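Worksheet: one structure, shown below.
The values are calculated or read from the model by the stated rules, or taken from the named source; none is laboratory data. Predicted, not measured: the structure shown is a model, and the values here were computed from it. Positions of Cβ are generated from backbone atoms using ideal geometry, with glycine treated the same way; all protein chains shown enter the neighbour counts. With ligands, DNA and RNA removed, areas are computed over all heavy atoms of the protein, side chains included. Shrake-Rupley method; radii C 1.70, N 1.55, O 1.52, S 1.80 Å.
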Amino acid sequence: MSVAPLKLPFLTEEQVRVTSQSLGEPAWLLDERLDALGRVGRLPAESNQLFTPYLDLRQVRFADVDPYAPAARPRPQAATDLEGAAALLHVDEDGIVERVLGPEAAAAGLKIGTFGDVPSDSRQLLRTWIGDGSTLPSDDAFAQVARAAFTLGIVVHVPDGVRLERPIVLRSTLGAAGRGLIVRTLIVLGEGARASILEEQLPAADGTPHDPQAAQSLWWGTSEVRLGDGASLDVASIQDFGAGTVAIVNRDARLGRDAALRWSLASIGSLFHKSRIDNRLEGRGSSVHQVEIGFGSGAQIFDLTSYTRHIGEDTTGDLLSKGVFLDRSRGYIKGLIQINQTARGTDSFLGEFSMLLDRKARSVTIPSLEIDQPDVRRAAHSSSAGPIDESQVFYLMSRGIDRETARKQIVLGFLEPVVSRVPLARAQEHLRELLEQKWPATASAPTAETQTAA
């Protein structure tokens, strides 16, 4: 089964050129955009034949969205309180709302701003980081759309040896009908640097419920991570966009020798959420620990895909994806571990698990391995899709807990590995509140016939 190329009314060569010119970009960056545009036209929407049957774009109306249209609503008010963070960058459909560096970040030389803010003496460095077309997967059409059509480019640069104790907050608020934001975020940590980042993806604060007949909104983003030798980065993300928003994200990470990366990603909102994570463990001794969850209700669709490529020796991957699905929601959880010939001593595990809470909820889990090097410590995967374990429910009920509370606590415990890794206490509590709010007043338990995915 093949998938046709993406058809996006807003993605044209004329618009790409106009966007680049309006941002005052150098010629090499326009060439990057045009190269990506050509790739989008040639690539299928899903290039992995194993995953092709599980790309479900039926609810997405790209024709609704003009990501270049001017705002039709007031912008949010800036709030200078860092709330325990080292730095804050807040954006919406029209660009930067607020940028604040605390004393720790300013003293350490943290750089956070747009591609255009990069000082003239560092612009060649920016070209080194993204100018060869390799910072996003060349076989992924969605990534190439972001590379071609981004309207906002963000750089977060932590210099060599800098260790930030407090997190950097990257906040996006959007959701106006017919509007969108396409953003590339480049995160670079120098040798021996250490930092944590909290991504907050929130609905516009206008309090207006989404009208299903209204135009959809769009958030299309990237997180392109480059870790120098010995660098360490924690990234936590909370996605809670409104019910009319289509959210698409590519996360691509390249790790140097002994570098360590930890992803903790929670997706709760949006009508359709598509996530692809590419981890390249290039340096000897590098490691990635990844936990991703999706909690769907109504007719939400979550498409969670990860690729982890072991290239250097003695690398470690520990990858866990979990989904909980209510009502008619659907989850497609897909992953691939690749172990190259050069990757002797690899230790890698991929786990994908879904919990179905209603008879019409569906999920597919597809873990896979490609191993070209037999000398590995571990290469394994595991998956399941089914209802709550009734023996666990019975155990809690035998301790005096009613059935519905028992089910709820089991689900929240199932998702807690992501919640516990969020770096700010107030963000942890916010995520727990969002998960609590997803829980319905009543929930029907699926029968054995619904354990397998449709």
Exercise. Which whole-number percent is the relative contact order of segment 151-288 (Cα, under 8 Å, 6+ apart)?
Worked result: 23
For this session: Pop out the carbon and sulfur fraction of the accessible area of the chain as a percent, whole number, probe 1.4 Å.
Result: 50
For this session: Leaving out ligands and nucleic acids, note down the accessible area per residue over segment 18-109 with a 1.4 angstrom probe, in whole Å².
Result: 50
Seminar exercise, completed: Taking every other residue with Cβ under 15 Å from the Cβ of Q300 and scoring Lys and Arg +1, Asp and Glu -1, one gets +2
Problem set entry | Förster radius 45 Å - calculated FRET efficiency between D139 and A106, Cβ distance, rounded to 0.05 | 0.65
Exercise. For A85, what charge total do you get from the other residues with a beta carbon under 14 Å from its beta carbon, if Lys and Arg give +1 and Asp and Glu give -1?
Worked result: -4
Seminar exercise, completed: accessible surface per residue for segment 330-412, probe 1.4 Å, DNA/RNA/ligands not counted, whole Å² -> 47
Exercise. Does the chain come out rounded, prolate or oblate by the C-alpha gyration tensor, with a ≥ b ≥ c the root eigenvalues, rounded set by a/c under 1.5 and, if not, prolate when a/b is larger than b/c and oblate if not?
Worked result: rounded
Problem set entry | Relative contact order [Cα under 8 Å, 6+ residues apart], segment 267-367, whole percent | 28
For this session: Collect residues whose amide H, placed 1.01 Å from N in the peptide plane, falls under 5 Å from the amide H of S237; neighbours closer than 5 in sequence don't count.
Result: E199, S264, L265, A266
Exercise. Expressed in nm to one decimal, what extension gain is obtained for the pair R377 and S22 from 0.36 nm per residue of sequence separation less their Cα-Cα distance?
Worked result: 122.7 nm
For this session: Show the residues, 5+ positions off or on another chain, whose built amide H is closer than 5 Å to the amide H of N279.
Result: A253, Y307, T308, R309
Exercise. Among 134-142, 4-12, what's the highest-first ranking by average C-beta atoms within 10 angstrom per residue?
Worked result: 134-142, 4-12
Exercise. Any idea which of P367, Y395, L304 is furthest toward the positive side of the dipole for segment 260-404, if Lys and Arg beta-carbons carry +1 and Asp and Glu beta-carbons -1?
Worked result: L304
Exercise. By Kyte-Doolittle mean hydropathy of at least 1.6 and Cα axial length of at least 27 Å, which whole DSSP H helices of the chain are selected?
Worked result: none
For this session: Return a whole-number percent for the relative contact order of the chain, with Cα pairs under 8 Å and 6 or more residues apart as the contact set.
Result: 10
Seminar exercise, completed: For the chain, the charge dipole (Cβ of Lys, Arg +1; Cβ of Asp, Glu -1; about the Cα centre) points to a positive end, and the Cα of H430, Q21, A63 closest to that extreme belongs to A63
For this session: Report the extension gain between L57 and Q124 in nm, rounded to one decimal, defined as 0.36 nm multiplied by the number of residues separating them, less their alpha carbon distance.
Result: 20.3 nm
Exercise. How much length is gained if the chain between A4 and E98 is pulled fully straight, taking 0.36 nm per residue apart and subtracting their Cα-Cα distance, in nm to one decimal?
Worked result: 29.9 nm
Exercise. Per-residue HN-Hα couplings for segment 55-63, Karplus 6.51 cos²θ - 1.76 cosθ + 1.60 at θ = phi - 60°, whole Hz, x for Gly and Pro?
Worked result: 9, 10, 9, 4, 8, 8, 10, 5, 5
Exercise. Taking K and R as +1 and D and E as -1, what net charge do the other residues with C-beta under 14 Å from the C-beta of A107 add up to?
Worked result: +1
Exercise. Using the Cα gyration tensor of segment 287-404, with a ≥ b ≥ c the square roots of its eigenvalues, what is the shape: rounded (a/c below 1.5), prolate (a/b larger than b/c) or oblate (neither)?
Worked result: prolate
For this session: If a/c stays under 1.5 just call it rounded; otherwise compare a/b with b/c (prolate if a/b is bigger, oblate if not). Do that for segment 1-60, with a ≥ b ≥ c from the square roots of the Cα gyration tensor eigenvalues.
Result: prolate
Seminar exercise, completed: For the chain, the count of lysine pairs 8 or more apart or interchain whose alpha-carbon atoms are under 25 Å apart comes to 15
